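Q: Got a structure for you, written out below as structure tokens; questions coming shortly.
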Amino acid sequence: MALEEGDNQAAVRSIQENMAIDPTQSMLVELINDLAVKDRAAADNLILQYIGGLSKAELVGGKLSRGRADLVLRWLVFPNSFFPDPNKRIPSPGPDVMRTYVRYVIEMPGDLSVESGKVRHRP
């Protein structure tokens, strides 16, 4: 892959293409976190794009897809909290990512479900 060859720009383009296809793929976590080890600023930029895309996306598959997308996002924002590798410490995202993440969580509509054309909050 481009990242292994040191071509960060090609890696970023590839990751962006994958995010556009399916933002719920857990492979994105590995790719973005691998990039973060080499270029934290580029990884932060991708995470910001990811959050922006989630805010606008209508995920197919309903609750399951939203849950997977949120898990991917948490894994990106807290990279050493899930299955940490003591031999590969991933630098934490910068303050812009953290602010955007907190804003996203606060502004999320919550657990919504759609039934018969109606949107309702689940208890």
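Q: Name the pairs whose Cβ atoms lie under 7 Å apart, with the first residue in region 22-46 and under 10 Å from residue 91 (Cα atoms) and without any contact (Cβ under 8 Å) to a residue 60 or more places away in the chain, the second among the polar types (S, T, N, Q) and surrounded by fewer than 19 Cβ atoms within 10 Å (Cβ to Cβ), and 6 or more positions between them or separate chains?
A: 38/8; 39/8
Q: Look through region 82-107, keep the residues that are assigned to a loop (DSSP other than H, G, I, E, B) and in contact with a helix residue (DSSP H, G or I) (Cβ under 6 Å, 6 or more places away or on another chain), and return whichever of them is farthest from residue 37 (Cα to Cα).
A: The qualifying residue farthest from residue 37 (Cα to Cα) is 82.
Q: Out of the residues in region 77-123 that are at pLDDT 75 or above and among the hydroxyl-bearing types (Ser, Thr, Tyr), state the one that is farthest from residue 53 (Cα to Cα).
A: This residue is 81.
Q: If you don't mind, another one. Give the residues of region 63-77 that are surrounded by 14 or more Cβ atoms within 10 Å (Cβ to Cβ) and more than 21 Å from residue 18 (Cβ to Cβ), sorted by residue number.
A: Passing the criteria: none in range.
Q: Considering only region 17-28, how many residues are surrounded by 14 or more Cβ atoms within 10 Å (Cβ to Cβ), out of contact with any Leu (no Cβ under 7 Å at 6 or more places or on another chain) and part of a helix (DSSP H, G or I)?
A: The total comes to 1.
Q: Regarding region 49-64, can at least one residue be identified that is out of contact with any strand residue (DSSP E or B) (no Cβ under 6 Å at 6 or more places or on another chain), in a loop (DSSP other than H, G, I, E, B) and at pLDDT 90 or above?
A: Step one: list which residues in region 49-64 are out of contact with any strand residue (DSSP E or B) (no Cβ under 6 Å at 6 or more places or on another chain), which gives 49-64.
Still in the running and in a loop (DSSP other than H, G, I, E, B): 57-62.
Subset that is at pLDDT 90 or above: none.
Among the residues of region 49-64, not one is out of contact with any strand residue (DSSP E or B) (no Cβ under 6 Å at 6 or more places or on another chain), in a loop (DSSP other than H, G, I, E, B) and at pLDDT 90 or above, which makes the answer no.
Q: Take residue 46 and tell me if it is modelled with pLDDT under 85 and assigned to a helix (DSSP H, G or I).
A: In short, no.
The values are calculated or read from the model by the stated rules, or taken from the named source; none is laboratory data. Note that the structure is predicted; figures quoted are calculated from it, not measured. For neighbour counting, all protein chains shown are included, and Cβ atoms are generated from backbone atoms with ideal geometry for every residue, glycine included.
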